[in-house]
1. May I ask you to derive the relative contact order of the range 111-245, considering only C-alpha pairs under 8 Å and at least 6 residues apart, and to give it as an integer percent?
2. Between the range 32-77 and the range 235-307, how far is it from one alpha carbon centroid to the other, in angstrom?
3. When the helices in the chain are scored as -39500 (n - 2.57) per DSSP H run of 4 or longer and the sum is shared across all residues, what 222 nm value do you end up with, to the nearest 500 deg cm²/dmol?
4. If you average the sequence gap of Cα pairs under 8 Å that are 6 or more apart and divide by the length of the range 293-423, what percent do you get for the contact order?
5. How large is the dipole of the chain about the Cα centre if only Lys and Arg carry +1 and Asp and Glu carry -1, each at its Cβ, rounded to the nearest 20 debye?
6. Put LEU413, LEU7 in order of accessible area, largest first, 1.4 Å probe: what do you get?
7. Just order 113-119, 271-277, 306-312 by mean Cβ neighbour count inside 10 Å, highest at the front, would you?
8. How large is the charge dipole for the range 111-245, taken about the Cα centre, if only the Cβ atoms of Lys, Arg (+1) and Asp, Glu (-1) carry charge, to the nearest 20 debye?
Amino acid sequence: MREACDLVVVGAGPGGLAAACHAAEAGLSVLVLDPQSQPGGQVWRGEARKRENRLARRWLDRFAASGARFRPGARVVAAPEPGLLLVEEGTSSLAVRYGRAVLATGARERFLPFPGWTLPGVLGVSGLQVLVKDGLPVRGKRVVLAGTGPLLLAAAATLHRHGAEVLFIAEQAPAARHWGFALQLWRHPGKLLQGAALAASLVGIPTATDAWVVAAEGEARVERVRLSVRGHEETLPCDYLGAAYGLVPNLELAKLLGCEVASGAVVVDERLETRVKGVHAVGELLGIGGVDQALVTGELVGHVAAGKPVPTGLERSWRAVRTFADQLARHDAPREELRRLATPETLVCRCEDVPLQALDGCRDLREARLYARLGMGACQGRTCGAAAEVLFGWTGEDVRPPCLPARIGSLRLPSPPPHTRAS
Ligand SMILES: Cc1cc2nc3c(=O)[nH]c(=O)nc-3n(C[C@H](O)[C@H](O)[C@H](O)COP(=O)(O)OP(=O)(O)OC[C@H]3O[C@@H](n4cnc5c(N)ncnc54)[C@H](O)[C@@H]3O)c2cc1C
């Protein structure tokens, strides 16, 4: 199948939705692609059905009325030439010709290996939260959460609300860094209120800074977790461990399109245009900044795509959310000790079963791929690539198509319908 549009938006999270709404309301033909069955991205997952979150409801209703077309179950897997994307939709494929593109592919959790991190029952912090939001029953289950930043508290609040017994929240950041970050929040009143509400909902749950998981232990699944808490080791029995250290942007498609990436984020100008003409980036691709950043940047690009002047208020908001993103990046930076938790036998790449010791002697990601098969499995290095960056300072290589695992058929340009072929 083939589709054509003025603006293609890849990713239907808050960033993509805000861009799509503005552009479609201005009369552009807008196509939004996302593998999920409903728009909303990570943070508003399931909101199209549940309608509990007022902000999500407002944007999802606006999107539904905007005239933008949404294709669920659509994953962009390749970009064979400028202005063309190849999309996999279940067992069929689609070629999309576009005038302008907005990349809004969001972020994923950063996993750092420690002994036992691949045991059943050990999940990401937000991953566990998402499963619970999608119906995983946790009532009465003992849960330990370890990670960093506001998402740790958000996950704890969700689990607590669903009846889990949250035994401990381990924040890796040193106390000075953590409280310094909290004190800066007066500059972002919305975040301050959210943080205060989360903290209030978690009163009574033991929480510590300078705390991280040393190991998860158990036979068939996690049974207990060993934690380092301000220099002392503690062991807690548990049914689930959520452990991940912040988020990293999903940069694969941006790299595939040739966009420049620096310091782990897509490089953009003041119109949020990447170095590739007509291709913009929004939301987490600009550096992890949360929902507000996604909405502000999406709105800004929507104005640019529609050829409308960007309101000064929006530019001011963009500067404010950038400041928050910089503060968050400093807060969430993994501490040195987290680099030394894996033993020689600990798997770094769980798709290809690559232990730490197999990487001895590798000088970069390329050698680790060639000699040890790091990142050669189903996730294509999405998990171990981010870990290798923290562990060894290896930064990602160029991305080759497909940017997500895909069927061969999805990489072929679909033939035009018979009546449009030259006779
Ligand atoms: C697992 C997880 C849970 C989170 N939970 C919360 C929470 O509870 N509260 C909170 O405040 N923040 C949460 N966050 C952070 C939140 O996602 C971001 O702050 C915010 O949603 C960013 O918006 P975005 O539009 O940039 O990206 P996202 O909302 O992440 O949306 C990106 C979208 O792009 C799609 N996509 C990615 N690659 C492709 C591709 N190749 N082709 C097509 N579509 C693609 C994804 O399916 C996704 O729907 C969570 C993040 C993660 C990773």
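1. After rounding, I find 36 percent.
2. What the calculation gives is 18 Å, centre to centre.
3. Values: 12 runs with 132 residues, N = 423.
After summing the helix terms and dividing by the residues of the chain, the value is -9500 deg cm²/dmol.
4. 14
5. Once rounded to the nearest 20, the dipole reads 1020 debye.
6. Details: LEU413 80, LEU7 0 Å².
Result of the area sort, largest leading: LEU413, LEU7.
7. Packing order, densest peptide first, comes out as 113-119, 271-277, 306-312.
8. Numbers: 12 positive and 10 negative charges, 88 e Å.
Value, rounded to 20: 420 debye.
The values are calculated or read from the model by the stated rules, or taken from the named source; none is laboratory data. A quick note: this is a predicted structure, and the numbers were derived from the prediction, not measured. FYI the Cβ positions are ideal-geometry reconstructions off the backbone, even for glycines, and counts take in every protein chain you see. These area figures cover heavy atoms from the full protein model, side chains too; ligands, DNA and RNA do not enter into them. Shrake-Rupley method; radii C 1.70, N 1.55, O 1.52, S 1.80 Å.
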